[in-house]
Amino acid sequence: MRANKAELELLGYPAHEYVGRPVADFHADPETVADVLRRLKAGERLDKYPARLRARDGSIKYVQISSSALFRNGEFVNTRCFTVDVTGRDEGARRLAESEQRVRALLDALPMAVYTTDREGRITYCNEAAVEFAGRRPELGVDLWCVTWKLYWPDGTPLPHDECPMALALNAGEELRGVEAVAERPDGTRATFTPFPTLLRDADGEVTGAINVLVDISERKRAEEGQKVLIDELNHRVKNTLATVQSIARHTQRSAPEDFSTRFEERLLSLSKAHDLLTRRQWSGVGLRELLEQEFAPYARGAERRVRLDGPDLTLPARIGLALGMVVHELATNAAKYGALSADGGQVQLTWTLDRLGADPALAMQWIETGGPPMVEPTRRGFGLRLIERNITRDLAG
Amino acid sequence: MLSRHSARVTGADASDEGLKGLQVLIVEDEGPVALLIEDMLEDLGCTVVGSAASVAEALRLVEAGGYDVALLDVNIAGQSVLPVAEALVRRGAPFAIASGYGPAGVPDSLRRVPVIQKPFRRQELEDALCAALG
């Protein structure tokens, strides 16, 4: 670092104690010097940037720094810096410099995009959050109305910068609230946001510029979209389940009108319990063994084991689990009414293996009843049998 | 309202005969729901000539022919029924859609196809098939 005589006198250093040391040594506020360097490296020109320097005797000097960086072949070479001491000038100027510095530090620290413009809409300041949000660093004093690269309305139609809410505020005095817009960054990514354009006025009430805060609501938008998908899916499931219940009611009425409420209730509760198993795994699937154990729970009481389950535990997709649950319910009910589970000492043996049917996995199940009354050919094909035929050839694909 | 299918019910009073004798292809992946639809169609005097529970099987049945009209679910075992609908359109075969999503869940390209939302009454099924047959 080099310095002229005025700079050395300002801080009270002899040249050999000053030259060559990092500039940060002489600043009272580390954040300020960091910000100054960052801005200069980004190519920004500083005009009367307020700062506090520490003199050799420890006293604080209030200064305004005007500076720009020199680049050669894109490389940062050095900065040329004019420092004006405003400490002695007057208390008002010092206070102003201090207050400006505080406001700047405050805006820089905000986690949301903030920028200001002059009366003509030229951008005069933007914080780092605004740079990050826009995906670009606006050219101060040149870029107009908004820090963003491209703007759209939420429906996707382009929104010219000179019609954006900030332009509307400065041109027509309208400070819009609750407007949503979409910003596109140079890398093509988009963010939905709500702007809060607010006019800045001097003591006489004259507009001197405007400040805008851009609140990124992309996350909320995504959550709303996700919720809509979820509700649609839920509605679809509810409607399909109601159609299933409609089917159960219709078939129960046809096949067992004298016993309707009991049979209907049993079938409905079996379906409901299968749903419980699915809910436990967020509808990602259902364990075959737990599904079977649940269906056989009413017949598992007593000392002797009347139902034997033998096969690997598998996770079935939700739809297939529901279909199989209904089939097993029909078989178990049938066994309890007419088959092995209706007689003392009768047993049901259910074994299954996972095979392959071409490229697809196929579940092969064998249901053997022993010790029951002699089998009687059914007089009609009831709901149970039709459902089994149906489910086995369709949902279970064999 | 059911008279437009009179070409098939020659000599009979259309409003009584309705869809009698019509051969229907069903594409529905949920067993109990397919059973319900088959029963309703039988009540209407229709014959179910095919019942598919997967898109691949449905495509095979569509190409095999031998039906007058088809009834499609929108989502078949996690797959979109759109290829089946497109195959029917190519063949000029009429069809209706029965979906848990209702009309909102039907792809834009099928906006003109009659849609009924599950669960539905037999009358709604009848109306949708009649509308499909134009």
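The values are calculated or read from the model by the stated rules, or taken from the named source; none is laboratory data. These figures come from a predicted structure and were not determined experimentally. Glycine also receives a Cβ, built like all others from the backbone with ideal geometry; neighbour counts cover every protein chain displayed.
So if I check each of A:Asp85, A:Asp108, which one is surrounded by 14 or more Cβ atoms within 10 Å (Cβ to Cβ), modelled with pLDDT under 90, of a type outside the set (Val, Ile, Thr) and under 28 Å from the mean Cα position of the chain (by Cα)?
Selected residue: A:Asp108, the only one of A:Asp85, A:Asp108 that is surrounded by 14 or more Cβ atoms within 10 Å (Cβ to Cβ), modelled with pLDDT under 90, of a type outside the set (Val, Ile, Thr) and under 28 Å from the mean Cα position of the chain (by Cα).
So how many residues does the range A:230-260 have that are more than 9 Å from chain B (Cβ to nearest Cβ) and hydrophobic (A, V, I, L, M, F, W, C)?
Count: 6.
Among the residues of the range A:197-212, which ones are surrounded by fewer than 19 Cβ atoms within 10 Å (Cβ to Cβ) and in a strand (DSSP E or B)? Don't jump to the end; show me each part of the working.
The initial filter retains those residues of the range A:197-212 that are surrounded by fewer than 19 Cβ atoms within 10 Å (Cβ to Cβ), namely A:198-208, A:211.
Listed by number, the residues that qualify are A:Thr198, A:Leu199, A:Leu200, A:Arg201, A:Val207, A:Thr208, A:Ile211.
Would you say B:Ala64 is surrounded by fewer than 21 Cβ atoms within 10 Å (Cβ to Cβ), at negative phi and within 12 Å of chain A (Cβ to nearest Cβ)?
No; evaluated as a whole, the condition is false for this residue.
Among (1) under 29 Å from A:Cys126 (Cβ atoms); (2) outside any helix (DSSP H, G or I); (3) not charged (D, E, K, R), there is one condition A:Gly20 misses while meeting the rest; what is its number?
Just one mismatch for A:Gly20, condition (1).
Surrounded by fewer than 17 Cβ atoms within 10 Å (Cβ to Cβ) and touching a strand residue (DSSP E or B) at 6+ places or on another chain (Cβ under 8 Å): does that describe A:Arg54?
Values: surrounded by fewer than 17 Cβ atoms within 10 Å (Cβ to Cβ): yes; touching a strand residue (DSSP E or B) at 6+ places or on another chain (Cβ under 8 Å): yes.
It is true that A:Arg54 is surrounded by fewer than 17 Cβ atoms within 10 Å (Cβ to Cβ) and touching a strand residue (DSSP E or B) at 6+ places or on another chain (Cβ under 8 Å).
If the requirement is being within 19 Å of the chain's Cα centre (by Cα) and either among the small types (Gly, Ala, Ser) or modelled with pLDDT of 95 or more (or both), which of these qualifies: A:Ala203, A:Ala191? It would help to see each step written out before you state the result.
Details: A:Ala203 fails: within 19 Å of the chain's Cα centre (by Cα).
Of the residues listed, the single one that is within 19 Å of the chain's Cα centre (by Cα) and either among the small types (Gly, Ala, Ser) or modelled with pLDDT of 95 or more (or both) is A:Ala191.
Could you run through the range A:204-247 and say how many residues are of a type in the set (S, T, N, Q), more than 24 Å from B:Ile76 (Cβ to Cβ) and touching a Leu at 6+ places or on another chain (Cβ under 8 Å)?
1
Restricted to the range B:92-108, and to residues that are in contact (Cβ under 8 Å) with a residue 24 or more places away in the chain and over 15 Å from the mean Cα position of the chain (by Cα), which residue is nearest to the other protein chains (Cβ to nearest Cβ)?
Among those residues, the one meeting the criterion is B:Tyr101.
Could you name every one of the strands (runs of 3 or more DSSP E) located completely within the range A:41-123 that has at least 1 residues being within 30 Å of A:Val215 (Cα to Cα)?
A:46-54, A:113-118
Based on what the data block shows, is B:Asp39 loosely packed, with under 14 Cβ neighbours inside 10 Å, within 25 Å of A:Gln246 (Cβ to Cβ), in contact with a helix residue (DSSP H, G or I) (Cβ under 8 Å, 6 or more places away or on another chain) and within 14 Å of chain A (Cβ to nearest Cβ)?
No; evaluated as a whole, the condition is false for this residue.
Out of all the residues in the range B:109-134, which are charged (D, E, K, R) and either free of Cβ contacts under 8 Å to residues at least 60 places away in the same chain or within 14 Å of chain A (Cβ to nearest Cβ) (or both)?
B:Arg111, B:Arg112, B:Lys118, B:Arg121, B:Arg122, B:Glu124 - these are the residues of the range B:109-134 that are charged (D, E, K, R) and either free of Cβ contacts under 8 Å to residues at least 60 places away in the same chain or within 14 Å of chain A (Cβ to nearest Cβ) (or both).
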